[in-house]
Amino acid sequence: MTVAVDLPGTPGSARESETLIDVRGLHVVYGVARPVHAVDGIDLAIRAGEIVGLAGESGCGKTTVASAILQIVRPPGRITGGSIRFRGQEITGLGKEELRKFRWRNVSMVFQSAMNALNPVLRVGTQFVDMMQAHERVSRGKALDRARELLELVGIDPRRVDSYPHQLSGGMRQRVIIAMALALEPELVIMDEPTTALDVVIQREILQQIQDLQRERGFAVLFITHDLSLLLEVADRIAIMYAGEIVESAPAAALRERAQHPYTNGLIESFPPLTGPRLKLAGIPGSPPDLAEPQVGCRFAPRCPYAKPEDAYLYFRQTNEHPELREVAPGHLVACHRVEAAQ
Amino acid sequence: MKRLHAPGWLRLLLANPKSRLGLGILAFIVLLTAIGPFFASKDPNAFNLLAARQAPSWHHLFGTTDQGSDVFAQVVVGARRSLLLGFAAATLATTVATILGVLAAYSGGLVDEGINALINIFLVLPTIPLLVVISGFLKARGLWTMVLVLGLVLWAFEARILRSQAMSLRNRDFVQAAKAAGESTHRIIFGELMPNMISRIAAAWVLVFYIALLTDAGLEFLGLGSLQKPAWGVTLYWAQTNSAVLQGEWWSFIAPGAALALTVLGLTFLLAGIDEVSNPRLRTERVGGGLAHRLTELILPSRPARPRAEAS
Amino acid sequence: MSAAPAADRRRAELEVRALRKEFPVGGGLITRERVHAVDDVSFTLKPGRVTALVGESGSGKSTVAKLLLRLYEPTGGSVLLDGQDIAGDRGRKSALEYRSRVQMIFQDPFDSLNPVKTVRHHLARPLAIHGIVPRGKIDERVNELLDTVGLVPPEKIAAKYPHELSGGQRQRVSIARALAVEPAVLIADEPTSMLDVSIRIGILNLIVDLKEQHGLAFLYVTHDLASARYVADDVLVMYAGQIVEQGPIDEVLERPQHPYTRLLLSAVPDPSLAAEARVELGAGQESAAVDPREGCRFLARCPIAVDVCSHVTPELVLDGFGRGARCHVTAPSPRSREETNGRPDQ
């Protein structure tokens, strides 16, 4: 768990509590004929130097949020509402040139299946050089030097700049991608399922690496994954997404001790434990709603163990009224009628 | 009276706008081929030097060649031979390419090595000498000789491509699962592999069709055929040799060229439709729209019916 | 089910003895190097028990699964179904018979179904090939199978194409297809790794139900120790083609003997596990399986290696409970002790 330590000269120490990214009311829609509301009103704040986890399953919209922050949502997707500010500056309206500067320098991304993002016919060093020269005027020699530095930073032998991607193992390719993402010293790195395709041992190594780098360099991380157990270990704050919305958001410790939203609890209980008694788990029956259909009431209600017609009043609210995010404890927000009623 | 039921695949092709347009164009061409000769009162081969190199007029709808032959007649009568030639050569070459390619991919081992070697040989042999040698053996001349020759020359490059595709399909889990279920090799190839290769096989067919037609003229010139029988490729060939472009005699090559292009266009639209129809994921639901929307639908690749469940 | 399954037919033991599979590296005709993807693997699958085969990529676990399914032929060793060596079965009829008793569930829920065929086709084909039910009853049985795996309403699902189903549903179709032939042994190759977290439990519960209610013998191949613990009774840990530890799963997880097992355990994300408890990792990869020399294949990554490990391959010796580890240090076999004692310490 990262603890904010004010070491002299540590980048970011002076701006610990500064908000880097402030997303308000983000709406992203895909398609024209049958529009899918992939992201339906999200608020998300990322502060300098913190690791924010965004958890959810397929189709919940988490990758779309990442694309939106980098303004790389591709047609037929488009941002239809909300604002995204970086250090107070609105980026949704930025021109091409400014966006180009913003991307990678301020915010960079490690993509899902990043191993395939490397060009198989170019050497690793060349890909670094290409990337750096796209953003700054720098000679090939200097760029290669920097590439070697970065490889060393992520624990790869610097001589590997001359290797082709297929000569590296999966874990090493992942580190190369991470190194590239750090090349321009961004303040925020978005990582979309950076370890999903890796073996558990390599995954552990990469996670360790990310944590070490983050401590050393002080950048913020938006860690997107479906593996909540990873986030509970690694993140400072965690937001849980379901069907295009954030349903719970809290510091990791609070979530570990007392997750409130039934979906979060369902997720946590979907991880069979390695120790302790072997009990039968329930998982979460059913599947997420079709976001092309208009949504009424709580989107999780059809799968929620607490949505019972017998509790007439509560059930009515669950099926007709949209639950809003409310603070139930300092820094802990939940969007759930039942939790609200218990307050 | 019993209603006629079109076979399922035909219905799908008619429902898809791209293949519908393609089929329409092809139907038009075939119609022209069938009834056109009745309107072409001139003998396509008759030459009349006095009437040479004339621009289109009521007398000669598409003008005349340098020999005074009527271009319209050549196009319309030649259509029959061209279409037949293209169709037969494409079918022969594609069938051989598919059988050998898939067999090589699925069998692996020595069979694969053997067929690969065969493909390489055919690819490396220079076409013209090969044809000369073949023509030496074949006594008969004429359409079917041409078809055979074209088929022999054109199967190899497609075989290689189809082999690659079959190889990548062979390792897919669903083929392994079929094998594990006890499915026979025969049924795996025809029931599981091939349906996934339809659009590539169809594309191979169209490509060979096009090349066959153009190669035809050159081959005729080498003495493998008869330059007397009209065909689009022949008309084009003569137009080229007689510097029709330089002379500004646009009609002698535009007409047959357009006919060929239109046929291939129709085939291409049909192909695009087959692409969509053979992949259930691309069978989109049609939303009614204006002309602009429909024209765009024709040209742009389709969107899948639904985003894949696993996209976040 | 409309017909009561023949009790004998659906219960069988699958035994594997000293199984070996080697592949030439590079895939050409003339090559010297061979990768020993599976080396000296022995275990028995019993009815009503789930055996987990745990390992990472390159460990050879998927190859073992494919060998058991006869998608590959072994280079050495034998596979026995109910005591009968299947290598002798060459004919189509006996191959078919084997396939009706040993089936597999694949990892990729999308790839394991033919995208241009309906669900009904996928289930009807095995029924037809093995003559499980008369032709007229195929549709009925297809619906029953879909019901068994929890896909309702079966008639609607049967008409769908794979891309119209969710990942979890597709995986259930895969399971239904495997069940169609009424097998005795089911091999599940990472059946949940490509599914959403909340769906996995459903599939795992289905596996446990099938084991308990139908007495099937399961081989559950995975890299995820936690899910292995949830469903399995016994575990086999594989590394670089060899089994390095095996035994009842709770035993192995509570008292792991092999350093690799300990490594795996410490790598699993577990929020309650403090950072200090994690084992330090050494570098190195699965190239240990290519033309291996004598000696332990885990040597390069092992924190407790001693001298004998570099020139004597450790043996896997099982005690009466089927428990054992392949390690000179933590579970020395009599031969290891000989080798160690016979040499002066260096």
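The values are calculated or read from the model by the stated rules, or taken from the named source; none is laboratory data. Worth saying up front: this structure is predicted, and the values here are computed from it rather than measured. Methodologically, a virtual Cβ is constructed for each residue, glycine included, from the backbone with ideal geometry; neighbour enumeration extends over all protein chains shown. The area values use the complete protein model at the heavy-atom level, side chains included, leaving out ligands, DNA and RNA. Shrake-Rupley method; radii C 1.70, N 1.55, O 1.52, S 1.80 Å.
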State the number of residues belonging to segment C:173-208 that are facing another protein chain (nearest Cβ under 8 Å) and of a type in the set (S, T, N, Q). 3
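Using the structure shown, decide if C:Ser59 is assigned to a loop (DSSP other than H, G, I, E, B) and either at pLDDT 85 or above or surrounded by 17 or more Cβ atoms within 10 Å (Cβ to Cβ) (or both).
Details: assigned to a loop (DSSP other than H, G, I, E, B): yes; either at pLDDT 85 or above or surrounded by 17 or more Cβ atoms within 10 Å (Cβ to Cβ) (or both): yes.
Judged against the criteria, C:Ser59 is a match.
From A:Val200, A:Val247, grab the single residue that is free of Cβ contacts under 8 Å to residues at least 40 places away in the same chain, open to solvent by less than 20 Å² (accessible area, probe 1.4 Å) and either more than 12 Å from chain C (Cβ to nearest Cβ) or farther than 21 Å from A:Ile21 by Cβ (or both).
On the way: A:Val247 fails: free of Cβ contacts under 8 Å to residues at least 40 places away in the same chain.
One residue alone meets the criteria, A:Val200.
Just wondering, is there one or more residues in segment C:241-251 that are without any contact (Cβ under 8 Å) to a residue 60 or more places away in the chain, within 23 Å of C:Ser42 (Cα to Cα) and either open to solvent by 20 Å² or more (accessible area, probe 1.4 Å) or within 14 Å of chain A (Cβ to nearest Cβ) (or both)?
If we filter segment C:241-251 for residues that are without any contact (Cβ under 8 Å) to a residue 60 or more places away in the chain, which is where we start, we get C:250.
Those still in the list that are within 23 Å of C:Ser42 (Cα to Cα) too: C:250.
Right, trim to either open to solvent by 20 Å² or more (accessible area, probe 1.4 Å) or within 14 Å of chain A (Cβ to nearest Cβ) (or both) and you get C:250.
Yes, some residue in segment C:241-251 is without any contact (Cβ under 8 Å) to a residue 60 or more places away in the chain, within 23 Å of C:Ser42 (Cα to Cα) and either open to solvent by 20 Å² or more (accessible area, probe 1.4 Å) or within 14 Å of chain A (Cβ to nearest Cβ) (or both).
Yes/no per residue for (1) more than 30 Å from C:Glu251 (Cβ to Cβ); (2) assigned to a loop (DSSP other than H, G, I, E, B); (3) free of Cβ contacts under 8 Å to residues at least 24 places away in the same chain:
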residue: C:Phe23; (1), (2), (3): yes, no, yes
residue: C:Val41; (1), (2), (3): no, no, no
residue: C:Pro47; (1), (2), (3): no, yes, no
residue: C:Leu53; (1), (2), (3): no, no, no
residue: C:Lys66; (1), (2), (3): no, no, yes
residue: C:Ser78; (1), (2), (3): no, no, no
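Each row is one residue, and each column tells you yes or no for (1) surrounded by fewer than 14 Cβ atoms within 10 Å (Cβ to Cβ); (2) closer than 19 Å to B:Thr95 by Cβ; (3) of a type outside the set (Val, Ile, Thr).
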site	(1), (2), (3)
B:Leu123	yes, yes, yes
B:Met146	no, yes, yes
B:Ala159	no, yes, yes
B:Gln165	no, yes, yes
B:Arg172	no, no, yes
B:Val175	no, no, no
B:Ala181	no, no, yes
B:Leu193	no, yes, yes
B:Ile198	no, yes, no
Are any residues in segment B:136-176 under 30 Å from C:His121 (Cα atoms), away from every other protein chain (no Cβ under 14 Å) and among the aliphatic types (A, V, I, L, M), and if so, which ones? B:Ala159, B:Ile161, B:Leu162, B:Ala166
Is it the case that some residue within segment C:90-108 is away from chain A (no Cβ under 14 Å), in a strand (DSSP E or B), open to solvent by 40 Å² or more (accessible area, probe 1.4 Å) and without any contact (Cβ under 8 Å) to a residue 12 or more places away in the chain? no
Subset of segment A:260-273 that is of a type in the set (A, V, I, L, M, F, W, C) and within 19 Å of the chain's Cα centre (by Cα) - its residue that is nearest to the other protein chains (Cβ to nearest Cβ): A:Leu267
Could you please find all residues in segment A:139-158 being among the charged types (D, E, K, R), modelled with pLDDT under 90 and surrounded by 14 or more Cβ atoms within 10 Å (Cβ to Cβ)? none
Subset of segment A:170-191 (residues that are over 13 Å from A:Leu213 (Cβ atoms) and either assigned to a strand (DSSP E or B) or in contact with an Asp or Glu (Cβ under 9 Å, 6 or more places away or on another chain) (or both)): A:Gly170, A:Gly171, A:Leu184, A:Leu188, A:Ile190
Yes or no: segment B:206-218 includes at least one residue that is open to solvent by less than 30 Å² (accessible area, probe 1.4 Å), assigned to a loop (DSSP other than H, G, I, E, B), away from chain C (no Cβ under 14 Å) and at pLDDT below 80. no
Looking only at segment A:102-117, how many residues end up being modelled with pLDDT of 85 or more and of a type in the set (A, V, I, L, M)? 3
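Could you check segment B:26-67 and list, in sequence order, the residues that are open to solvent by 30 Å² or more (accessible area, probe 1.4 Å), at pLDDT 80 or above and in contact with a helix residue (DSSP H, G or I) (Cβ under 6 Å, 6 or more places away or on another chain)? Step through it out loud before you land on a result.
Filtering segment B:26-67 for residues open to solvent by 30 Å² or more (accessible area, probe 1.4 Å) gives B:26-28, B:30-32, B:34-35, B:37-39, B:41-43, B:45-50, B:53-59, B:61-62, B:66-67.
Next cut, at pLDDT 80 or above only: B:26-28, B:30-32, B:34-35.
Scanning segment B:26-67 gives a single hit, B:Leu26.
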Log entry, pairs with first residue in segment C:146-172 being away from every other protein chain (no Cβ under 14 Å) and at negative phi, second being in a helix (DSSP H, G or I) and polar (S, T, N, Q), beta carbons closer than 6 Å, six or more apart or on different chains, reads C:Pro154/C:Asn143
